[in-house]
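Just below is one structure, and these are the notes that go with it.
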Amino acid sequence: MSRRTIDIAMNRVEGDLEVRVDVEDGVVVDAWSAGTLYRGFETLLVGRGALDGLVLTPRICGLCSVSHLFAAARALDGLAGVGVAPHGARLRNVTLMAEHLQNDLRQSLLMFAVDFTSPAYAAQPLYEEAVRRYQPFAGSAVREVLRTTKRMLEIVALLGGQWPHSSFMVPGGVVTVPSSGDLQRCRHLLAAFRAYYEQQILGCSLERWQRVTSAAELDAWLDASPAHQASELGFFLRFGRAAGLDRIGGGYGRMLCAGGLAIPEGSRVTGPRGAAFLAPPGVATGTEVAPFDEAEVKEHVASSWYLADAEPGGRHPFEGRTQPYASGAEGRKYSWSKAPRYAGKPAETGVLAELVVGGDPLFTDLVRRGGAHALVRQMARLVRPATLLEPMDRWLSEMATEPGPYCSPDVRVAPGRSAGILQASRGMLGHWLEVEDDRLLHYQIITPTAWNGSPRDDFGARGPWEEALVGTPVPDLDNPVALGHVVRSFDPCLVCTVHAFGKSGQRGTLRLGG
């Protein structure tokens, strides 16, 4: 048996990530995911004013700043003891959805599909077309997605004042009241985005795509029209299947959605099966969905560079500690990321979890038949915009045509504990805080990447993408492109470079997709 070790070093906006895998006889047999940068946002928030998180937490990430602002504001909503004003809820939702739209397409076409241009696929019949579409800085799809998705960020700027690092949400609503001209401009930008999405991404109308409700209907849709096959979705399916993406990245099959996009009072938008959220909360084991219970969330630190607990089992974020301990003397610790667990078990989060928990018939059928592999996980991100565009336009229309408040009056933040949990662009995001004497006494944050890229827990269970990497074939150790497919299918907030150990034990450097 031949055993080799490969290090994948991934640089991202919010820090650095390294994934190490052991490859035996051409297949991954073990994996470790290591966050290598400590930032300390949770520590620097303690002792600050109760509202300071509204300004500081959007700076955690330059890609998901609306998500962090939303989570911080939602936690403070709970301490204020008032509901969010209906138009304030609509505006919050629209800006978060705009962030989802730009993230889903940029990640799919700029971060994921670029690996289709790897020389590993040079013998594929679709390879030359992949290069024309996804070559960095020059591909046709690359140029077009950059031009089009910036319109979504313009919506955030019009409604929230700026992007990234927006700070327009406050307890009870928002501080901005958009003009009729701003709202009309947002609808115009959204209509242009929809036209691009239908023509280039789907190759058909939203109404036609929404009739695809099973794996068999997906295959029939793909064969029904050259426009479907030539669309970005159609090309992704054809290339991804040929590359075997439907045979890698399975993982645990447990999926977590915190719930997001609450339906405002009086809105004509309806959630799945009458739910109070456009993305209902829940926990799926395969396709069996159970209710989500925030009390079941805990973080483990046995493999993380923090002071360990005397008893195993993790801490709920209200009791969590962020006390760095990086001596490494024990040999077991290898990451700055903690290990979030739900009901004591690892669970992936993201768009696929959101759609399965929400009962989407197509993705429920795909997961029932083939599990949560890399192809279906990434496909979910390409098609989530189809579920968002119409509700987003409806909420903009309701703000433009119906009078209503944007913020609840006389809002005061009371002492106590509260959690702001929602479905961010990459999955479940949570802010847990405690306020005393108008100061933050405690603050803990769990990001989607912490869920998916977590290290081993107190009981030795791998994190979700550690587990998903196991079993991945690596026919060429000098170009292990499939490892990038698996990790990127979880949409980590990063870009990737691979470092590999050669036979001499020295480290070499390779790039995956430029």
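The values are calculated or read from the model by the stated rules, or taken from the named source; none is laboratory data. Keep in mind that what you see is a predicted model, and the values were worked out from it rather than measured. Cβ atoms come from the backbone with ideal geometry, glycine included; neighbour counts cover every protein chain shown.
With respect to the conditions (1) free of Cβ contacts under 8 Å to residues at least 60 places away in the same chain; (2) among the charged types (D, E, K, R); (3) in a strand (DSSP E or B), E311 lacks only one, and its number is (3).
Among residues of region 174-201 that are within 30 Å of E232 (Cα to Cα) and acidic (D, E), those with a beta-carbon under 8 Å from a residue that is at pLDDT 95 or above and surrounded by fewer than 19 Cβ atoms within 10 Å (Cβ to Cβ) at least six positions away or on a different chain give the pairs E198/S205; E198/L206.
Across region 163-205, the number of residues qualifying as at positive phi and either out of contact with any helix residue (DSSP H, G or I) (no Cβ under 8 Å at 6 or more places or on another chain) or modelled with pLDDT of 95 or more (or both) comes to 3.
With respect to L278, determine if the residue is under 30 Å from G463 (Cα atoms), touching an Asp or Glu at 6+ places or on another chain (Cβ under 8 Å) and not in a helix (DSSP H, G or I). Criteria not met by L278. When you check L429 against the structure, is it in contact with a Leu (Cβ under 7 Å, 6 or more places away or on another chain) and at pLDDT 95 or above, yes or no? Yes, satisfied.
The residues on offer are G49, G53, and the sole one that is more than 30 Å from R143 (Cβ to Cβ) and out of contact with any helix residue (DSSP H, G or I) (no Cβ under 8 Å at 6 or more places or on another chain) is G49. One residue alone among E18, E42, E24 is within 24 Å of P464 (Cβ to Cβ), among the acidic types (D, E) and in contact (Cβ under 8 Å) with a residue 40 or more places away in the chain, and that residue is E42. Can you pull out the residues in region 101-142 that are surrounded by fewer than 17 Cβ atoms within 10 Å (Cβ to Cβ), in a helix (DSSP H, G or I) and touching a residue at least 24 places away in the same chain (Cβ under 8 Å)? Selection gives P119, E129.
For the criterion of being modelled with pLDDT of 95 or more, among the aliphatic types (A, V, I, L, M) and touching a strand residue (DSSP E or B) at 6+ places or on another chain (Cβ under 8 Å), A302 fails.
Please work out which residue is surrounded by the most Cβ atoms within 10 Å (Cβ to Cβ), limiting yourself to region 324-348 and to residues that are within 17 Å of A290 (Cα to Cα) and out of contact with any Leu (no Cβ under 6 Å at 6 or more places or on another chain). Once the filter is applied, the top-ranked residue is E348. Restricted to region 33-100, the set of helices (runs of 4 or more DSSP H) holding at least 1 residues that are over 30 Å from V21 (Cα atoms) and under 17 Å from the mean Cα position of the chain (by Cα) comprises 65-80. With respect to the conditions (1) buried (at least 22 other Cβ atoms within 10 Å of the Cβ); (2) modelled with pLDDT of 95 or more; (3) under 29 Å from S397 (Cα atoms), E232 lacks only one, and its number is (3). Report yes if A400 is in a helix (DSSP H, G or I) and of a type in the set (G, A, S), otherwise no. It is true that A400 is in a helix (DSSP H, G or I) and of a type in the set (G, A, S). Checking each residue in region 77-88 for being of a type in the set (A, V, I, L, M, F, W, C) and surrounded by fewer than 24 Cβ atoms within 10 Å (Cβ to Cβ) picks out L79, A80, V82, A85. Restricting region 349-366 to residues that are within 17 Å of R488 (Cα to Cα) and among the β-branched types (V, I, T), which is surrounded by the most Cβ atoms within 10 Å (Cβ to Cβ)? This residue is T349.
Testing R241 on (1) touching a Leu at 6+ places or on another chain (Cβ under 8 Å); (2) surrounded by 16 or more Cβ atoms within 10 Å (Cβ to Cβ); (3) not hydrophobic (A, V, I, L, M, F, W, C), one condition comes back false. Which one is that? Only one criterion in (1) touching a Leu at 6+ places or on another chain (Cβ under 8 Å); (2) surrounded by 16 or more Cβ atoms within 10 Å (Cβ to Cβ); (3) not hydrophobic (A, V, I, L, M, F, W, C) is unmet by R241, namely (2).
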